[in-house]
Amino acid sequence: MTRTAAILARIRTAATAATAVFCLCLAAAPSLAAAQEDGGYLAKIDEDLAGLNSEELEELLVFVAGNALFTLYHEGGHMLVSELGLPVLAQEEDAVDNLATVTMLAADSDDMDLLLTNAMIGWFLIAGDDGEDVTFYDQHDLDPQRGYRMLCLMVGADERAFLDVAQELGLPEERVETCSQDYEQVSASWETATEPYLREDDPPAGKIEVRHEPAPDGLSSLALFLKESALMEDVAAELDTLYELPENVTFRATSCDEENAFWDPDMREVILCHELLGAFAGIYLDVLKDAD
Ligand SMILES: [Zn+2]
């Protein structure tokens, strides 16, 4: 998949563009300071990123990009289930996590593997942040379960690429041995379910529109990064190329007062909240702080 091959190069270029905004933000320090008082940690993200060296910034943006990509494929999965009327034989949240994972694995590139690894590790870091707050009746599995299910599919698809990280995260040898079956079953199930809706033409059908709306205070550098890295455009173009969608849909980055992303079936929109990118950045800022 050539579109994903240059993705890290684009992320690095986008990081440079975003750095220019960090400088502007520092120049506008008085209003930023005012915003911090009522906006919580998200209002400080631009300033926090401006304080990183280029290596830390790149690491953080790869983490944000990997988690944003996974989120977009996950919400894109909800969109496909809803728009194509696909059967879902277990919890939908698990099914679309699986789709996001096998789609990113299908790129079969080192860059995408790195982004996927960052998204997988994200679940363990979020779990660490949540502490003991465990909800057993949630629509989603527990965060570490989501992380381990992704990791199992990853090592099941490509042991050479992911065995080291599986061992580091304590995935036992006997589980690793069964992961290739999990991977085969998940990818074959998704292929069977979506087969009637696959397109034959190469160029995108033009059914998915991408919109970037302004970010709240403190998140403008990440909003610019999202735009410059064209992550949302990549996912939209891929789904628009692969599947025959019955209606037009929109992928929209916007400000929503919560750290979230969702598929809105009434408006036919995948919404990626700027606040969620801020939350991913916040998680990695803590990792960098702990490393000091
Ligand atoms: Zn979901």
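Nothing in this text is a laboratory measurement; each read-out follows from the coordinates by a stated rule. All of these numbers come straight from a predicted model, not from anything done at the bench. All Cβ positions, even for glycine, are placed from backbone atoms using ideal geometry, and neighbour counts span all protein chains on display.
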What are the aspartates and glutamates whose alpha-carbon lies under 13 Å from the alpha-carbon of Lys227, with same-chain residues fewer than 8 places away excluded? Glu213
Aspartates and glutamates near Lys44 by alpha-carbon distance under 14 Å, same-chain residues fewer than 8 away left out - which ones? Asp217, Glu275, Asp286
Using a cut-off of 15 Å between alpha-carbon atoms, which aspartates and glutamates can reach Lys207, once sequence neighbours fewer than 8 places away in the same chain are excluded? Glu83, Glu233, Asp234, Glu238, Asp240, Glu244, Glu247, Glu269
Relative contact order for the range 62-197: what percent, with Cα pairs under 8 Å and sequence separation of 6 or more? 26 percent
Given all pairs of different Cα atoms, what value in angstroms does the Kirkwood hydrodynamic radius of the range 134-178 take? 11.1 Å
When only DSSP loop residues count, what GluC sites (Glu not before Pro) in the range 215-279 have their Cβ near at most 11 other Cβ atoms within 10 Å? Glu247, Glu258
